[in-house]
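Some notes on the structure that comes next.
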Amino acid sequence: MTKRFLEYQKNFNYPYTKRKVYERISRFLNFPTYSIRKYLAFQVIKRNQKLPSVSKKDGFLVWFPQEFDAVNQIIAESREYIANVDQSIFTKQGKGKEQYLRGIHPDKSRLTESLVKLACDPTLVSIVTKYIGILPIINGVKLLYSPNKKIYEGGAQFFHLDPEGIRQIKLYIHVEDVTEESGPLTLIPAKESQKIYQLYPGGRLTDEWVSRFIDPQYFYSITGASGTMIFADTSRCFHLGSRPGKNPRFVIILQYISPFAINFPWFGWVRKPLHAHLVNDNTSMIDQYLLGAQ
Ligand SMILES: [Fe+2]
């Protein structure tokens, strides 16, 4: 049954209003946990009031802090990983999505643990929670490689919305500099994206189709030096990336979603916390919630 839910999720997921209804019911059914998460969110936001914020209007924020040790450290660790991993991962052809975008570290690696630790960083969590409105769940952490060699129809190289809920944050961190020639993330601010929610049938849209409703001047391609961070609500902002260019792209993605989002079958996340195995006796309460163990 659950498998079927996941299979049909794409159809179930659109139009956008269905996500809202689902999330409302899910919150209602999980009201005690919802209240605790709201309370924790309040605590988290209160701790760091001077941080930049993701505006509701834009649905994204680009941040390049001068000094952020945790980020510098993870960039160094990622570079080391890239230098020492079996290099055939960069030359192989790949199947499906892997042709243009591939994760290059196994889920149980030490790098994954470091990425999860970074995802729990109080500064990042504070910015994300303030935007999402509730203490989120870390749904995935990845170091991604885009070869940027060819365009493949029907994939994330074309405008789409991500299916996880009504609000989420995908935090992109540039490991190496990203220029127009390295298949940058390109997104349409939420306020503009909104114009086509009702028309969006799900799946991928051509640039030409989108241009009929949204002026291409709002197709923002986001470039930036190593260390640039992009907080992007990929559920509200149409986006694409990994288009062909002269250089490959290495980027970290940390994904935060609402525990009541539509991608958790049957109104709750407890059935599939992705990183709950990293919780131990010393894990703080906030981190336990972030990791989906609570
Ligand atoms: Fe996406």
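The values are calculated or read from the model by the stated rules, or taken from the named source; none is laboratory data. All figures in this text were calculated on a predicted structure; none of them were measured in a lab. Cβ placement follows ideal geometry from the backbone for every residue including glycine, while neighbour counts extend to all protein chains displayed.
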Among (1) assigned to a helix (DSSP H, G or I); (2) out of contact with any helix residue (DSSP H, G or I) (no Cβ under 9 Å at 6 or more places or on another chain), the one test that ILE82 misses: (2)
Say whether the condition of being surrounded by fewer than 18 Cβ atoms within 10 Å (Cβ to Cβ), within 20 Å of SER182 (Cα to Cα) and either more than 14 Å from the chain's Cα centre (by Cα) or within 16 Å of the ligand (Cβ to nearest atom) (or both) is met by at least one residue in region 270-279. no
Here are some residues: SER88, SER78, SER55. Which one is surrounded by fewer than 18 Cβ atoms within 10 Å (Cβ to Cβ), modelled with pLDDT of 90 or more and among the hydroxyl-bearing types (Ser, Thr, Tyr)? SER55
Please find, within region 227-241, the residue that is nearest to the ligand (Cβ to nearest atom) out of those that are part of a loop (DSSP other than H, G, I, E, B), in contact with a His (Cβ under 8 Å, 6 or more places away or on another chain) and farther than 24 Å from LYS150 by Cα. THR228
Output the residues belonging to region 170-188 that are surrounded by fewer than 22 Cβ atoms within 10 Å (Cβ to Cβ) and touching a Cys at 6+ places or on another chain (Cβ under 6 Å). none
What number of residues in region 198-238 are over 15 Å from LEU187 (Cα atoms), small (Gly, Ala, Ser) and touching a Phe, Trp or Tyr at 6+ places or on another chain (Cβ under 6 Å)? 1
So which residues in region 242-259 are within 12 Å of the chain's Cα centre (by Cα) and within 16 Å of the ligand (Cβ to nearest atom)? VAL251, ILE252, ILE253, LEU254, GLN255, TYR256, ILE257
Selection from region 64-109 of residues that are out of contact with any Phe, Trp or Tyr (no Cβ under 7 Å at 6 or more places or on another chain), closer than 23 Å to SER235 by Cβ and not charged (D, E, K, R): GLY96, LEU101, GLY103
Which one is surrounded by the fewest Cβ atoms within 10 Å (Cβ to Cβ), of the residues in region 97-110 that are in a helix (DSSP H, G or I) and free of Cβ contacts under 8 Å to residues at least 12 places away in the same chain? ARG110
